[in-house]
Amino acid sequence: MKNNKLTTTALSVLAVLFGASAQAGVLESTDVKYGGYVKLDAMWSDWSAGSVSGTSIGRDFYVPSTTPVGADADTDVVFDMHARQSRFNLATSTKLDNGQSINTKIELDFIASPGGNERVSNSYAPRIRQAFVTYNGFLFGQAWSNFQNVSALPETLDFVGPAEGTVFVRQAMIKYTSGGFSVSAENPESTITTTGGVRNETDDASLPDITARYTFKGDWGHFTVAGLARQLTYKSGGADASTSSFGVSASGRMNFGKNNLKYMVTTGKGLGRYVGLNVAHGAVLDGNDLDAIDSVSGFIGYQHHWNDQLRSTFLASYFSADNNTDLLAITGDPTKNSMSYSANLLYSPVKKMTFGVEYKVGERETESGADGDINRLQFSAKYVF
């Protein structure tokens, strides 16, 4: 699709924003692309310590913190079916006569959005995933965190896959990329544990989260190392506390012909919401001080192509939190570790159409030693357009 009907006023505004002259910044053409996929998921889930509510996000995909712990309960297997992971995106690329391009992308899905019910319409509201513009190495808007390596995620039927073992964050940012190096200033948010183990989401930081990343690429695959530095804060009820948080993550992909091995290892202080879908909080409020929670997480996934139409991914994922046991009177019984294993078989009779079956086992243990697990069998059908 071509669109050359941009007004002189719009051209002048763009020239001012991007520092281009009115002549050098003239927009020549805009290409518009529409894409996404439709996906149906059908799941049988069995929890050892009691079923999860039908309104829980843990019924739509694997979220480690939602796995109940405690004594074994005699509960029935539950069945869920939804198309909420389906998504669509709109992207534009505008070519300037100076040889550069301005690109945009807006992406929506329905997986964690409110609204709707399963009685009549299942009318779930769309939610924003990404919305950004890129120009001359800069990205402005909401996108995957620069601390995360999206290309290291294995192919799974589950929405996230190695949920407890991966960095997984999308948020507003300003990012600059040059070759294999990128640096960003991203939206800050803290998750703080207060008395009774309550999670408080605070937005009192005076500085953005800062990340830096470098990626090495070759025919063999790629290797990425990323760093994170941020401020954890809690200002409420007379308390005014803050502390620093740091993390480092190494991840990548190794190619073996058509097959590949993907992996990630992440460790740090106060990582909280950045890893494990926030299975652990960033810090604990101890009086007027914040005690940051150390953690280690990671995953490894191997994909094997049986032939041109059949492939499988075998995945193991792990998270461990080093909770301060002297603060259990405040934190209650927080997650100590979580792990999961899965294997799938995917069949693509034609390009972009995939049918699959996946079996996942997930386990969670708290500091008291209480534990629980989930067994899930999932079938999916997906078409990418």
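The values are calculated or read from the model by the stated rules, or taken from the named source; none is laboratory data. Here the structure is a predicted model, which is why all the values come from computation and not from measurement. A quick note on method: Cβ atoms are made from the backbone with ideal geometry, for glycine too, and the neighbour counts reach across all protein chains shown.
Please state which one of Arg253, Arg311 is farther than 27 Å from Gln171 by Cα and part of a strand (DSSP E or B). Quick ask: steps written out before the conclusion?
On the way: Arg253 fails: farther than 27 Å from Gln171 by Cα.
Matching residue, one of Arg253, Arg311: Arg311.
Restricting to segment 316-357, count the residues that are in a strand (DSSP E or B) and out of contact with any strand residue (DSSP E or B) (no Cβ under 8 Å at 6 or more places or on another chain).
Initially, segment 316-357 is screened for residues in a strand (DSSP E or B), giving 316-322, 335-350, 353-357.
Applying the additional criterion that residues be out of contact with any strand residue (DSSP E or B) (no Cβ under 8 Å at 6 or more places or on another chain) yields 350.
Looking only at that region, the number is 1.
Can you name the residue in segment 307-332 that is hydrophobic (A, V, I, L, M, F, W, C) and touching a Ser or Thr at 6+ places or on another chain (Cβ under 7 Å) and, of all such residues, is surrounded by the most Cβ atoms within 10 Å (Cβ to Cβ)?
So the residue we want is Phe319.
Return the total of residues in segment 108-148 being under 21 Å from Phe168 (Cβ atoms), surrounded by 15 or more Cβ atoms within 10 Å (Cβ to Cβ) and of a type in the set (Val, Ile, Thr).
Summing the residues that are under 21 Å from Phe168 (Cβ atoms), surrounded by 15 or more Cβ atoms within 10 Å (Cβ to Cβ) and of a type in the set (Val, Ile, Thr) in segment 108-148 gives 1.
Could you identify the single residue in Arg199, Arg213, Arg253 that is closer than 16 Å to Ser145 by Cα and either free of Cβ contacts under 8 Å to residues at least 40 places away in the same chain or surrounded by 13 or more Cβ atoms within 10 Å (Cβ to Cβ) (or both)?
Numbers: Arg199 fails: closer than 16 Å to Ser145 by Cα; Arg253 fails: closer than 16 Å to Ser145 by Cα.
When all the criteria are applied, what remains is Arg213.
Considering only residues that are of a type in the set (A, V, I, L, M, F, W, C) and touching a Lys or Arg at 6+ places or on another chain (Cβ under 9 Å), which ones fall in segment 320-350? Give the steps one after another, and end with the answer.
Of segment 320-350, the ones of a type in the set (A, V, I, L, M, F, W, C) are 321, 327-330, 339, 343, 345-346, 350.
Selection gives Ala321, Met339, Ala343, Leu345, Leu346.
This table checks each residue for (1) in a strand (DSSP E or B); (2) acidic (Asp, Glu); (3) closer than 22 Å to Ser320 by Cβ.
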residue: Val265; (1), (2), (3): yes, no, yes
residue: Arg273; (1), (2), (3): no, no, yes
residue: Ser295; (1), (2), (3): yes, no, yes
residue: Gln303; (1), (2), (3): yes, no, no
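Give, as residue ranges, the strands (runs of 3 or more DSSP E) completely inside segment 1-110 that count at least 2 residues that are modelled with pLDDT under 95.
Values: elements: 27-47, 78-82, 87-96, 101-109.
So the answer is 27-47, 87-96.
So in segment 111-145, with the set limited to residues that are aromatic (Phe, Trp, Tyr) and in a strand (DSSP E or B), which one is farthest from the chain's Cα centre (by Cα)? Write out each step before concluding.
Let us first name the residues in segment 111-145 that are aromatic (Phe, Trp, Tyr), namely 124, 132, 135, 138, 140, 144.
Next, from what is left, pick out any that are in a strand (DSSP E or B): 132, 135, 138, 140, 144.
Numbers: Phe132: 17, Tyr135: 24, Phe138: 21, Phe140: 19, Trp144: 7 Å.
Checking each candidate, the answer is Tyr135.
What strands (runs of 3 or more DSSP E) completely inside segment 146-219 contain at least 2 residues that are in contact with a helix residue (DSSP H, G or I) (Cβ under 8 Å, 6 or more places away or on another chain)? Quick ask: steps written out before the conclusion?
Numbers: elements: 170-178, 181-186, 190-194, 198-202, 209-218.
Of the strands (runs of 3 or more DSSP E) lying wholly inside segment 146-219, those with at least 2 residues that are in contact with a helix residue (DSSP H, G or I) (Cβ under 8 Å, 6 or more places away or on another chain) span 190-194.
Of the numbered conditions (1) surrounded by 17 or more Cβ atoms within 10 Å (Cβ to Cβ); (2) closer than 13 Å to Glu186 by Cα; (3) not polar (S, T, N, Q), Leu207 satisfies every one except a single condition; which is it?
Status for Leu207: all satisfied but (1).
Identify all residues within segment 238-263 that are over 25 Å from the mean Cα position of the chain (by Cα) and closer than 19 Å to Glu189 by Cα; write none if there are none.
As a first pass, look at segment 238-263 and keep what is over 25 Å from the mean Cα position of the chain (by Cα): 238-242, 256-258.
Of everything in segment 238-263, those that are over 25 Å from the mean Cα position of the chain (by Cα) and closer than 19 Å to Glu189 by Cα turn out to be Ala239, Asp240, Ala241, Ser242.
Could you please find all residues in segment 62-99 being within 17 Å of Val133 (Cβ to Cβ) and either touching a helix residue (DSSP H, G or I) at 6+ places or on another chain (Cβ under 6 Å) or crowded, with 16+ Cβ neighbours inside 10 Å (or both)?
Result: Asn89, Thr92, Thr94, Leu96.
What number of residues within segment 111-154 satisfy the criterion of being farther than 26 Å from Tyr263 by Cβ, at pLDDT 95 or above and either of a type in the set (Phe, Trp, Tyr) or touching a His at 6+ places or on another chain (Cβ under 8 Å) (or both)?
Qualifying residue count for the region: 4.
Return the pairs, sorted by first residue and then second, in which the second residue is at pLDDT below 90 and surrounded by fewer than 14 Cβ atoms within 10 Å (Cβ to Cβ), the first residue lies in segment 108-125 and is aromatic (Phe, Trp, Tyr), the beta carbons are less than 8 Å apart, and the residues are 6+ apart or on different chains.
From segment 108-125, the pairs are Tyr124/Pro114; Tyr124/Gly115.
Is it fair to say Ile174 is closer than 30 Å to Asp286 by Cβ, surrounded by fewer than 21 Cβ atoms within 10 Å (Cβ to Cβ), modelled with pLDDT of 95 or more and touching a Ser or Thr at 6+ places or on another chain (Cβ under 8 Å)?
For Ile174, the condition - closer than 30 Å to Asp286 by Cβ, surrounded by fewer than 21 Cβ atoms within 10 Å (Cβ to Cβ), modelled with pLDDT of 95 or more and touching a Ser or Thr at 6+ places or on another chain (Cβ under 8 Å) - is not met.
Among Gly282, Gly301, which is the only one that is crowded, with 17+ Cβ neighbours inside 10 Å, closer than 30 Å to Leu345 by Cβ, in contact (Cβ under 8 Å) with a residue 40 or more places away in the chain and of a type outside the set (D, E, K, R)?
Gly301
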